[in-house]
1. Check every one of the strands (runs of 3 or more DSSP E) wholly within segment 221-311 and list those with 2 or more residues that are at pLDDT 95 or above and among the hydroxyl-bearing types (Ser, Thr, Tyr).
2. How many residues are surrounded by fewer than 21 Cβ atoms within 10 Å (Cβ to Cβ) and in a strand (DSSP E or B) when one looks only at segment 181-199?
3. Among the residues of segment 453-466, is any touching a Gly at 6+ places or on another chain (Cβ under 6 Å), outside any strand (DSSP E or B) and at pLDDT below 90?
4. Looking at Ile470, Ile483, which one is closer than 19 Å to Ser513 by Cα and buried (at least 22 other Cβ atoms within 10 Å of the Cβ)?
5. Is one or more of the residues making up segment 320-343 in contact (Cβ under 8 Å) with a residue 40 or more places away in the chain, buried (at least 23 other Cβ atoms within 10 Å of the Cβ), more than 28 Å from Ile483 (Cβ to Cβ) and not β-branched (Val, Ile, Thr)?
6. Taking Met156 as meeting all but one of (1) closer than 23 Å to Asp195 by Cβ; (2) surrounded by fewer than 22 Cβ atoms within 10 Å (Cβ to Cβ); (3) in contact (Cβ under 8 Å) with a residue 24 or more places away in the chain, write down the number of the exception.
7. Based on what the data block shows, is Phe202 surrounded by fewer than 24 Cβ atoms within 10 Å (Cβ to Cβ) and closer than 18 Å to Gly497 by Cβ?
8. Checking the condition of a type outside the set (Lys, Arg) and either under 17 Å from Gly429 (Cα atoms) or under 24 Å from the mean Cα position of the chain (by Cα) (or both), which residue from Glu58, Glu76, Glu12, Glu64 passes?
Amino acid sequence: MFSKILIANRGEIACRVIRTARWMGIATVAVYSDADARAPFVRLADEAVNIGPAPAAESYLVPEKIIAACKQTGAEAVHPGYGFLSERASFVEALEAEGIAFIGPPASAIAAMGDKIASKKLAQAAGVNVVPGFLGEIADTEHAVKIAGEIGYPVMMKASAGGGGKGMRLAWSERDVREGFEATKREGLNSFGDDRVFIEKFIEDPRHIEIQLLGDKHGTVLYLNERECSIQRRHQKVVEEAPSPFVTPKMREAMGEQCVALAQAVGYYSAGTVELIVSGADPSGESFYFLEMNTRLQVEHPVTEAITGIDLVEQMIRVAAGEKLAFSQGDIGIDGWAIEIRVYAEDPYRGFLPSTGRLVRYDPPAAKLHQAPFPSPIAGEGGAPSGAEGEGSAAPADVLAAAGAADPSPNPLPQGERAKGAYVRLDDGVAEGGEVSMFYDPMIAKLITWAPTRDEAAALQVEALDAFRIEGLGHNVDFLSAIMQHPRFLAGDLTTGFIAEEWPEGFHGAAASEETLRAIAAVAAGIECTARARAARTTGKLNGAPPNMVDWAVRMDGQAFAVTLGEGYAMADGHRVEGHCDWQPGRAKASATAGNAKLGLIVRKDGVHWRITTHGATHRALALPAKIAPLARHMIEKVPPDLSKFLICPMPGLLVSLQVGQGDKVVPGQPLATVEAMKMENILRAQKAGTVKALRAAQGDSLAVDQVILELE
């Protein structure tokens with residue numbers, strides 16, 4: 001077994017690998033860019049080496065710097081995490097040339113599966129179902145238009161070396177191909193150094209199912225069930241779960257066997273994932289097709305770990321060290337249900353625009369189980385995993401706390417803890433005061449819940465998200481909670497179009513029942529009452545008792561509520577609401593009960609209003625004593641300025657191109673500019689007709705949010 005490994009990655013996955021390595025008694029080395037000098041993963045590792053400036057192309061993507069760090073620290077092996085160099089065959093070959101082990105598959109398998117065109121041909125040869133499409137070289141846009149027409153719309157354009165939702169465009173018409181082909185090529189070149197594009201048929205009502213594989217160097221390859229990853233936005237996964245509510249045991253076996261055959265055909269070992277597209281319109285479940293193979297650990301690996309009890313990072317390390325897998329296909333079971341959601345730095349209330357900046361407040365829900373490792377019936381009952389070497393692998397409590405771990409103990413909980421109920425796992429790599437940078441992926445954290453049933457796992461997600469406090473930048477916590485509560489999600493009726501279909505006009509908060517709104521109105525009145533009572537006690541400027549603070553008028557979400565506060569209850573619009581709220585001045589987190597319902601609350605003051613966030617929606621409430629409320633209608637409202645004549649940058653980013661010049665006439669919907677943010681290109685379109693009066697920015701400029709790009713007249 002290795003005595004020291006280097007993690008060639010950053011953020012939450014670096015923390016994840018470090019924790020398992022420490023648990024196994026293996027020392028760890030972190031590498032970091034200038035932007036990550038104060039990041040939690042740097043403090044969590046035993047050693048850390050600076051490898052250069054913030055841009056990944058000058059640090060995390062430079063193999064020579066990783067190898068130099070290995071030599072400097074004596075690291076015997078490298079775990080690549082995901083992204084960056086994790087699927088670059090030349091990096092594996094360079095490590096091997098220096099006598100450094102790669103904790104992942106062989107270079108030959110990475111090369112075979114890394115090219116989407118070549119991998120589809122290999123999949124066909126191995127007997128795996130593939131999507132109809134064109135796998136040859138596409139010369140230019142005109143060639144792409146011709147091919148798309150022959151295949152039949154809709155089609156998907158994909159960068160050959162792409163992944164993670166980047167370098168993909170759905171085309172419903174010739175116009176979409178003409179607008180998107182060159183952008184797909186650029187994204188492929190910018191993100192992966194390869195501008196080749198292929199086109200394939202888009203499967204309607206598609207479900208995205210993937211099979212987790214695990215193999216060793218002795219010829220054994222196993223499949224560890226499936227993950228449902230259909231809920232996506234712009235081809236980027238948002239929710240993952242295991243098992244899938246759609247997959248039957250027969251489907252699972254058929255998919256698993258085909259994926260194992262593909263892995264064996266390319267001599268695969270270590271952890272890997274085969275992604276499949278499944279036609280939800282086919283009730284037989286036989287219409288599944290190969291998409292690609294990711295020759296690395298997946299972001300969503302925790303849900304597989306949760307239902308199997310297998311630590312995939314541990315197994316990757318053991319396989320790289322030459323060990324055989326200690327279990328067989330028959331040992332792989334399904335225990336309960338697990339759901340993972342990805343907390344992104346993006347603003348769903350503004351069309352999911354990317355958001356960068358400082359985490360002014362970062363207060364996630366408390367994990368109810370170690371982030372990793374975790375109960376492992378295959379690795380052993382409690383204690384260290386089978387074959388773990390050495391003692392004294394515990395990390396200092398303050399170091400683990402810095403990385404967001406719930407408990408500094410290095411050992412997993414006994415397997416018996418699983419039987420006691422559900423649990424929450426949080427995988428993150430950020431800390432309050434840190435920054436979500438434009439240089440890297442916008443994911444802030446992963447929240448994983450496990451429970452005996454799917455409904456219980458989803459309910460636990462809602463409860464945990466209610467306690468997730470993030471301030472300083474936009475985030476998608478409300479949106480994730482809305483998904484977990486959505487009737488269609490709870491019914492398991494999922495496709496990759498779920499988000500677009502259910503929120504076609506954008507996200508404006510999760511829907512709340514009248515009963516819930518009355519409860520929140522009562523909470524707003526109670527909070528205002530508590531705040532005023534404290535002010536009366538502490539300022540010393542009010543003589544006698546405060547004015548009547550029993551009867552309130554609450555204006556919230558465009559509705560008016562008459563609230564009367566009682567002892568242990570409130571009357572809201574004539575309806576009795578039994579319960580209480582434990583909010584106190586100075587606290588942002590609170591909880592309230594309303595009948596049998598429990599609400600987790602995030603409370604903020606916003607001028608004279610209160611912002612109360614719960615169950616996937618933020619409610620802006622003004623609570624006034626009933627006698628004063630009628631005077632509010634005399635307040636003059638400020639009319640916002642008309643900004644429709646300006647093209648305003650909705651996010652921080654790089655102005656890739658301007659499609660118009662001064663004096664050009666434009667029509668509504670016409671593309672005006674392209675802005676790259678978080679490695680994705682965004683087309684900005686005209687909202688009204690007019691003539692370009694002035695250009696306020698030039699191609700290549702770095703733009704701030706709300707910066708004016710051009711002005712119309």
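The values are calculated or read from the model by the stated rules, or taken from the named source; none is laboratory data. Everything numeric here is computed off the predicted structure, so don't read it as measured data. Counting neighbours? That spans all protein chains shown, and the Cβs are built from the backbone with ideal geometry, glycine included.
1. Output list reads 270-279.
2. 0
3. Within segment 453-466, not a single residue is touching a Gly at 6+ places or on another chain (Cβ under 6 Å), outside any strand (DSSP E or B) and at pLDDT below 90.
4. On the way: Ile470 fails: closer than 19 Å to Ser513 by Cα.
Result of the check over Ile470, Ile483: Ile483.
5. Taking every residue of segment 320-343 in turn, at least one turns out to be in contact (Cβ under 8 Å) with a residue 40 or more places away in the chain, buried (at least 23 other Cβ atoms within 10 Å of the Cβ), more than 28 Å from Ile483 (Cβ to Cβ) and not β-branched (Val, Ile, Thr).
6. (2)
7. yes
8. Glu12
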